[in-house]
Amino acid sequence: MAQPASIENSTLSTTSATPNSALRRKWFIRGMDCAGCAAKVEKALNKVEGIYQTKIAFATERLFVAVESEQQIKTIEQTVKGLGFRLEATSKIQEEPLWKAHSTFVLIASVTLCTTIASLLAPDWKATALHVATAIGTLPFIRKALTQARNGTLFSIELLMVIASLGAMALGENTEAILVLLLFSAGEMLEGFAGRKARAGIQSLMKLTPDTATRIESGVRVPNVPADFLQPGDLIEVRPGDRMPVDATLQFTPGSFDESALTGESIPVSRQKGEKIMAGSLVVEQPVRLTVVSEPGENAIDRIIQLIENADERRAPITRLIDTFSSWYTPLVMAIAILVAVAPPLLFGASWDVWVYKALALLLIACPCALVISIPAAVTSALASASRFGALIKGGAALEQLRTVKQLAFDKTGTLTVGRPVVTAITSLYMEEKELLTLAASLEQGSSHPLAKAIIDAARKHNLDIPDADKVTILNGQGLTGLVNGKTVKILAPRHVQPERLAQNNVQQTIADRESEGNTVVVVTDDSKVLGLIAMADTLRDDAVETITQLKAMGISCVMLTGDNRRAAAAIAAKLGIDYKAELLPEDKVKAIEKMQEAAQKQGPEHAVAMVGDGINDAPALKAAELGIAMGRGSDVALETADAALTHERLPELATMIQLSRDTATIIRQNIALALGINTLFLFTTLFGLTGLMAAVLSDSGGALLVTINALRLMHLRKTQ
């Protein structure tokens, strides 16, 4: 089967080079669930005459074509439809309504409600109503069990549910029969909810690149050119406040770009002529012209999406314990029940009634109501408990995986730090610090630059009166200048200040000291000298040190992965006492996670690696790790990609969440031991004639009650920690 990478990166021409007269179209293909589907469509379209170029980007479900005429457009639509897929012009995905997406739960809940109402209105019909409800409720499970049987899984969890519900109904436990179905379908709905939201994350990523761009043709601006059809070598213009539609190299003049969507670093960076700017970057300060370097469907945002898709395919699904157990438990018990029913009468002439009765009791005992309930009850209690302290865990698989975490990788900006720069130090040479801050804030008023906001916030914090500056001018790639109270003031990056000025008053050494501490420094000057320095940095969260200390006490090692520069990363890591890797792009973070996982695997399966992050640039790493944990106010993509989220953004709850997972594993083991112990006890007592159907019913109901009560303990464990 073709892999996503080969499809994502391929461009196939069916005839010759694409002429300028070709019609270019883009669709979104819906219904593809694997790379093989994309390969099937690609192969079929390559056989259509009149198509110059076909390209499928599987990760984003996009189809690009260049064709000879409108006739080929119709042929393409018919060909794709004939393969069982559909084409849509918009990227917006039509979500199924909740009732349809969770039809099994809705069906069982509806018949249970109707049965309850009918039983209250006509008590004499209660048994009949429950029989009908159970019969209807088992239909989806019967259908799934048959489908899985045809695919080679004869004894699935769906078969266990059918046996449990029908067995209880056959012996008159009608209420229990329908409640088991309802509880299990509710658990399935909760565990599958995250899957419905996965596509929303992809949509959020795709919104980072505009649909159209302004192309420069023979010196003339051509607006609204479809970004998906920009080719390498095209010259484009992007204005301030707009995002880069493609990867491109900067032409003519320097520019300032906010690359936080890709690097996570909140402070914009200056780029010089010839430097590559990635798609999704926000242009700051002045218009820029760039030369396109990325192929359609292959820009930086597309690569992030592809990394997410590839990481998802590499992750093996966690097999639920009860599924593994049922693969041998259910057929074994059914075989024993049949043997008990027929062997004594055939071999020893025993009474058929007696031994069929014992077999029926044995089968009821073996119906794993308590076993089936034991895990969902514990998982549901744990998920509810987690939500009470601000942790969203997306299903039982993620909850189970948390207990095995032995290494945590943290993003820096917005995760370990507050995510925005603040003024950390002011060095004034010829005036009071507040006066220097007032001059800088006057120039920065009205700017949306994060450093400008930090300066203005600092001035407001000190209740300073900020005068209006006149003739404020942006110095391309350097800083800005203006008049404050008739005096010329400039705010510049250190590298754009004349060296002889920096040599005075030990300014150069002060800048080096501040930068070594992880600060970004700006220089405030007048026409003749340096007036002072303002240092700014992203600061640690108040609870970051406490969190690292708790995790270390639990035997969990920590490392920081960041796109920030090495000086800033080293300063933060030193305060926390952890290792770090700096200047990482999204793909670099994935590689770092993979190396950590390779090392962890050598220590055994109980050494999982988790990633904690908040930005779009963290999404591939969150997906690549065994477990991804997002901060609650992070990007939509990170939240949708992650397996868990800290909705209240309290870092210490990481340790609480991991401890809850460990406690849940203990409760589940206890529940399984209870369920199997009770079943085993009554199996022997039934075979020796000591108990009958009534005891079988009691063992089944009692076991279910015990495991449920034990699972509810998880709701209170948080209080005792």
Charge tally in the Cβ shell below 12 Å around residue 66, where Lys, Arg are +1 and Asp, Glu are -1, residue 66 excluded: +2
Only Lys, Arg, Asp and Glu count, each charged at its Cβ (+1, +1, -1, -1), so figure out the dipole size of region 418-540 about its Cα centre, rounded to 20 debye. 180
Calculated FRET value between residue 488 and residue 591, using beta carbons and R₀ = 56 Å, to 0.05: 0.70
Net charge within 14 Å of residue 431 by Cβ-Cβ distance, Lys/Arg positive one each and Asp/Glu negative one each, not counting residue 431 itself? -1
Regarding region 212-298, what are the three Cα extents along the principal axes, ordered largest first, in Å? 34, 26, 21
In region 455-557, how many lysine pairs have Cα atoms under 17 Å apart, counting only pairs 8 or more places apart or on different chains? 4
Kirkwood-based Rg/Rh on the Cα set of region 583-689 evaluates to 1.23
Of 412/591; 40/81; 412/623; 575/595; 207/595; 453/581, which sit over 22 Å apart, Cα to Cα? 575/595; 207/595; 453/581
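Every number here is computed from the coordinates shown, using simple stated rules; none is lab data. This is a predicted model, so every value here is computed, not measured. A quick note on method: Cβ atoms are made from the backbone with ideal geometry, for glycine too, and the neighbour counts reach across all protein chains shown.
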